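So the structure is just underneath, and the comments pick up after that.
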Amino acid sequence: MNMAGKRVGGSFYVQASAIEHGRSLITPKEKERYHKATTFLCQGQFFIGLNPGAIICIEKDKVRFLQMNQRLAHPHIMNSIVVYNNGKTRKGSLNKQIYHRMNTILDPSDPSYRFHCRVAEFEESIGALGPFKIGGKSPSGHLSVWKKQLESKGIHYDLLMLEIEVIR
């Protein structure tokens, strides 16, 4: 079975259910920080983060609990709770960054996992995930930049989204 987890810079992204069911690439230290953060969430009455579908982002000084619509090919954060290492909690920002290769983050048992595998496979096959000559080698999390990256390779975003609907 595939294991869930994606490292981007100093951050580790994984779906909560993958951690809870032993299907993630999380390190023991990261897992300890995750469990400590969930304890702080319960104390602060932030139950959204305890959703098994939540995406967890573990960073150096905090753990973020992210709610996304995983039915989208490139979801963005709809709700976010941040738990700092000292236990302080706050509502997180709702930036409109999009997420690529969700199949690497999601629990393999998640209902949308297979869809995201097909999306990633298709996008890789046409070069939509890089490498790019503009905006960095990897696909940008900013939709406007990713659209420019795609255009630089002759890929039209609107047509790509139509193809993804066929995959669904």
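None of the figures in this text is laboratory data; all of them are computed from the coordinates on show. Quick caveat: nothing in here was measured; it's all calculated off a predicted structure. Glycine also receives a Cβ, built like all others from the backbone with ideal geometry; neighbour counts cover every protein chain displayed.
The table that follows gives values for the structure above.
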read-out: Relative contact order of the chain, defined on C-alpha pairs under 8 angstrom at six or more residues apart (%); value: 18
read-out: Net dipole in debye of the chain [+1 Lys, Arg Cβ; -1 Asp, Glu Cβ; about Cα centre; nearest 20]; value: 560
read-out: Relative contact order (percent, whole number), the stretch 110-167, Cα cutoff 8 Å, 6+ residue spacing; value: 27
read-out: q = 0.11 Å⁻¹: log10 I(q)/I(0) that the Debye formula gives for the stretch 1-85, counting C-alpha atoms only; value: -0.26
read-out: The stretch 49-127: relative contact order in percent, alpha carbon pairs under 8 Å with at least 6 residues between; value: 21
read-out: Burial ordering of His100, His21, His156, fewest other beta-carbon atoms within 10 Å first; value: His156, His21, His100
read-out: Global form of the chain, assessed from the alpha-carbon gyration tensor, a/c cut-off 1.5; value: prolate
read-out: Lysines with Cα under 24 Å of Lys137, excluding same-chain neighbours fewer than 8 positions away; value: Lys6, Lys96, Lys147, Lys148, Lys153
read-out: Cross-link reach list, aspartates and glutamates versus Lys36, counting only Cα pairs under 17 Å and skipping chain neighbours closer than eight places; value: Glu20, Glu59, Asp61
